[in-house]
Amino acid sequence: MAKNFTISFHQNRKNLHVKLHGNFDGSSALELINTLKEHSNGAEKIFIDTRELCSIHPFGRDVFWKNCTVSNKLEFSPNYNFRTFHTSI
């Protein structure tokens, strides 16, 4: 995991809110996947705030999408396409 990567989250009613900070790499992707598996039960929507990310490494993005089991519930903020995002923010 990138040294500066952190995840914060809270759940209200039927939604899970996740905020990502730092650099998103392959290990960060696995940490996010594990957080979603552990805390998304019962969530109708999962909001992922990516505004505090410094960069999204293509490998991390690919690891996330290949292993994400709740992709139908995800909404990203800002509304760019996280699937195709390739570069530093």
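Where a number appears in this text, it was derived from the coordinates with a stated rule and is not lab data. All of these numbers come straight from a predicted model, not from anything done at the bench. Methodologically, a virtual Cβ is constructed for each residue, glycine included, from the backbone with ideal geometry; neighbour enumeration extends over all protein chains shown.
With angles folded into 0 to 90 degrees, how steeply does helix 58-67 sit against the dominant principal axis of the chain? Use alpha carbons for both and round to 10.
Its long axis makes an angle of about 30 degrees.
Can you list the lysines whose alpha carbon is less than 16 Å from that of LYS37, not counting same-chain residues fewer than 8 positions off?
Leaving aside lysines fewer than 8 places away in the same chain, those within reach of LYS37 are LYS14, LYS19, LYS45, LYS66, LYS73.
Magnitude of the Cβ-charge dipole of the range 6-77, K/R +1 and D/E -1, about the Cα centre, nearest 20 debye?
240
For ASP25, ASP62, what's the fewest-to-most ordering of other Cβ within 10 Å of each Cβ?
By the 10 Å Cβ count, ascending, the order reads ASP62, ASP25.
Return P(r) of the chain (all Cα-Cα pairs; 5 Å bins starting at 0; whole %; ordered from short to long distances).
Result returned by the calculation: 3, 15, 28, 30, 18, 6, 1.
At most 16 other Cβ atoms within 10 Å plus a DSSP loop assignment makes a site exposed; report the longest stretch of the chain without any exposed trypsin sites (Lys or Arg not before Pro).
15-82
Out of all DSSP beta bridges in the range 6-77, what portion is antiparallel? Express it as a percent rounded to 5.
Within the range 6-77, antiparallel bridges account for around 35 percent of the total.
Hey, what's the per residue convex hull volume over the C-alpha atoms of the range 1-49, in cubic angstrom?
About 58 Å³ per residue, rounded to a whole number.
Can you tell me how much longer the chain between THR69 and LYS14 gets when fully stretched, taken as 0.36 nm per residue apart minus their C-alpha distance, in nm with one decimal?
Length gained between THR69 and LYS14: 18.0 nm.
Using a cut-off of 13 Å between beta-carbons, work out the net charge of the residues near PRO78 (Lys and Arg +1, Asp and Glu -1, PRO78 not included).
-1
Could you list CYS54, CYS68 in order of exposure, starting from the residue whose Cβ has the fewest other Cβ atoms within 10 Å?
So the residues, fewest neighbours to most, are CYS54, CYS68.
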